[in-house]
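Note sheet for the following structure.
The values are calculated or read from the model by the stated rules, or taken from the named source; none is laboratory data. Quick caveat: nothing in here was measured; it's all calculated off a predicted structure. Cβ placement follows ideal geometry from the backbone for every residue including glycine, while neighbour counts extend to all protein chains displayed.
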Amino acid sequence: MRKNVAIIGGGQTHHAARRHDVNQVELVNEAVRAALADAQMTIDEIDSVLFGNMEFFEGCHMTDCWLVDGSGAYGKPGLKITTGGTVGATIVGAGVHHVASGLFNKALCVGFEKQEEGDTGAILSGVAHPLFGRSLAGAAVGYFAMMATSYMAAWGAKEEHSAMVAVKARQNARKNEYAHLKLDISIQDALNSRMLSYPIRMLDMCPASNGACAMILADEKTARDRCAKPVWIRAMDTAHNEQFELDWRDVTTKKPIFSRVSASRLYRKLGVDDPSKYFDVFEIYEPATWAEMVWYEDLALCRPGDGFKLVENNMTAIDGPIPVNPSGGVLSTNCIGASAMLRIWEAALQIRGDAGGHQVVSKDIRRALATAYGGTNWTVLTALSGTMDD
Amino acid sequence: MNPEHDYGTFESDQRIVAHSRYFAGLMGSYFFVRLRDEQKIVGARCEKCNKVFWPPRSTCGRCFSVLSLENLTEIGPLGTLETFTIVKYREPVHPRKAPFVYGIIKLDGADTSMVHFVDGVDFQKLAPGMRLRPVFANKRNGNILDIDHFEPLDSY
């Protein structure tokens, strides 16, 4: 990157299925004020505001304009960004580019979703191809169900492994004061939960949450002058696939698909040999349990087909050797437009040692990797570090 | 391929129906309940900027001050027409059948304006600066159409 960029502050709302007490502006404002307070900064000091959500999930276009009072963007330069599930990370990517280019020194990134207000199922059908897919399309469960069936058939994983991921996420969420689904569930509870679309059960899927996340990015000088614990963005990478190519996920594919291509490029930039050792914690985008196990493999935390064994052996538990989603992840909180930014913010909190109840304490957290999913065919990866040596 | 058959430009019709439910928030809830139950219109005053905003809001966009229920203040009901248009064409998306008048109306005591219908007016006499008053709907359910329309003050 041309110039170094750090996260110098951030904040999030409490996430919940119902936030009848606030409208969209007020929801966004909660996160923005939390981020400004965390960075000990006023809105006047912000040079640019990058803003986004999942397009039309609230049944409202041009949210950047409607919510300008809450985001603090009034009169400031900035962009609206909307890239599906990745949007929170894409906003950060745009912010990083804004600062790395030298155009701005302090960029405020804001992502939100108030899912209860819109018809997300109907709008998701608009993600399907209007000619070849929309007449068949349902909601998001189907894609992951196909992936899960393929995963079990190919690698011999069982529904119990999905249940283990479901339990890990919700037990971690119980340690996170901001999380939505803080469920004290057992593997049996997960296996007994309602079948949505074989083999995906209710507890195998993420909730529909309301919430917002905001982060302030700054150039190196500002970060060093103003922030006691800057978290440096060391690398970002994105990659797309053609949509039909991955209309369902054959988990045995050897094709150079988005997640693996992006990970290998990012690792090359950083000189990573073994990501499971290089990164101390992972915050990954897992709308369904099975997606988490596939991410392990795509990120090369294990060999293809071994993802479920990591869960089986508690390797990715909050106190395991490769902690994944100590926050509870997307499975516990999915306010779409904020979800991918929450992965980055939660990773940053881990590096700062400020994650609170879900802080990983079994090892020093110096480096973290955050992932995002957009639709199911593209990703944004963000590598963070507490130092510039990495 | 049958050369006798027409394989020309094919088109597919699609329709997406989406329902939404919006929460009005702290200030919006107060606005709609007062409009529905008392036929009163409120805005929010930012003391720092000395501005009264319609619709009422929880953050002053200009100075980022937090505004709360204490900042709410009654505005109108009378207002001034700032600009207008007379809609002459019909479209399914229009809320009314043409011809009808859209006005931009600044209520007394407010620094920002609202869009609404202006009825009961001779089109020839429409002019910015015209004084207007709201006519409230008989049946109100907490909607901006609880103000049915505005009409000229002078005709009464």
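Points worth noting:
- B:V135 β-branched (V, I, T), assigned to a loop (DSSP other than H, G, I, E, B) and more than 20 Å from B:S29 (Cα to Cα): no
- When region A:69-79 is limited to residues that are surrounded by fewer than 20 Cβ atoms within 10 Å (Cβ to Cβ) and at negative phi, the one that is nearest to the other protein chains (Cβ to nearest Cβ) turns out to be A:Y74.
- Residue in region A:286-304 that is in contact with a Phe, Trp or Tyr (Cβ under 9 Å, 6 or more places away or on another chain), buried (at least 18 other Cβ atoms within 10 Å of the Cβ), of a type in the set (D, E, K, R) and within 19 Å of A:I365 (Cα to Cα) present: no
- Residue check, A:L217 in contact with a Lys or Arg (Cβ under 8 Å, 6 or more places away or on another chain) and within 27 Å of A:S71 (Cβ to Cβ): yes
Rundown of residues vs (1) in a helix (DSSP H, G or I); (2) away from chain B (no Cβ under 11 Å); (3) of a type in the set (V, I, T); (4) surrounded by fewer than 19 Cβ atoms within 10 Å (Cβ to Cβ), yes/no style:
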site	(1), (2), (3), (4)
A:F104	no, yes, no, no
A:L108	no, yes, no, no
A:A122	yes, no, no, yes
A:A128	no, no, no, yes
A:F144	yes, yes, no, no
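- Elements of the type strands (runs of 3 or more DSSP E) sitting completely within region B:21-86 and holding at least 1 residues that are over 14 Å from A:N29 (Cβ atoms) and hydroxyl-bearing (S, T, Y): these cover B:72-75.
- One residue alone among B:S58, B:S113 is buried (at least 17 other Cβ atoms within 10 Å of the Cβ) and away from every other protein chain (no Cβ under 14 Å), and that residue is B:S113.
- When region A:82-95 is limited to residues that are surrounded by fewer than 23 Cβ atoms within 10 Å (Cβ to Cβ) and outside any loop (DSSP other than H, G, I, E, B), the one that is farthest from the other protein chains (Cβ to nearest Cβ) turns out to be A:A94.
- If you go through region A:54-68 and keep only what is within 7 Å of chain B (Cβ to nearest Cβ) and either farther than 15 Å from A:N210 by Cα or part of a helix (DSSP H, G or I) (or both), you end up with just A:V68.
- The number of residues in region A:374-389 being touching a Phe, Trp or Tyr at 6+ places or on another chain (Cβ under 6 Å) and either of a type in the set (D, E, K, R) or modelled with pLDDT of 90 or more (or both) comes to 4.
- Looking only at region A:307-366, and only at residues there that are among the small types (G, A, S) and not in a helix (DSSP H, G or I), the one that is farthest from A:F57 (Cα to Cα): A:S362
- So A:T149, is it in contact (Cβ under 8 Å) with a residue 24 or more places away in the chain, crowded, with 23+ Cβ neighbours inside 10 Å, away from chain B (no Cβ under 14 Å) and among the polar types (S, T, N, Q): no
- In the set (1) aliphatic (A, V, I, L, M); (2) over 24 Å from A:H97 (Cα atoms); (3) surrounded by fewer than 18 Cβ atoms within 10 Å (Cβ to Cβ), A:V25 fails one condition alone, (3).
- Qualifying position, being more than 24 Å from A:A368 (Cα to Cα) and either of a type in the set (A, V, I, L, M) or at pLDDT 95 or above (or both), among A:V231, A:V261, A:V272, A:V251: A:V251
- Residue, nearest to the other protein chains (Cβ to nearest Cβ), within region B:1-22, restricted to residues that are closer than 30 Å to A:E58 by Cβ and out of contact with any helix residue (DSSP H, G or I) (no Cβ under 8 Å at 6 or more places or on another chain): B:S12
- Residue, nearest to the other protein chains (Cβ to nearest Cβ), within region A:33-49, restricted to residues that are of a type in the set (A, V, I, L, M, F, W, C) and in a helix (DSSP H, G or I): A:I43
- Within region A:367-387, considering residues that are under 17 Å from A:L301 (Cβ atoms) and not aliphatic (A, V, I, L, M), the one surrounded by the fewest Cβ atoms within 10 Å (Cβ to Cβ): A:R367
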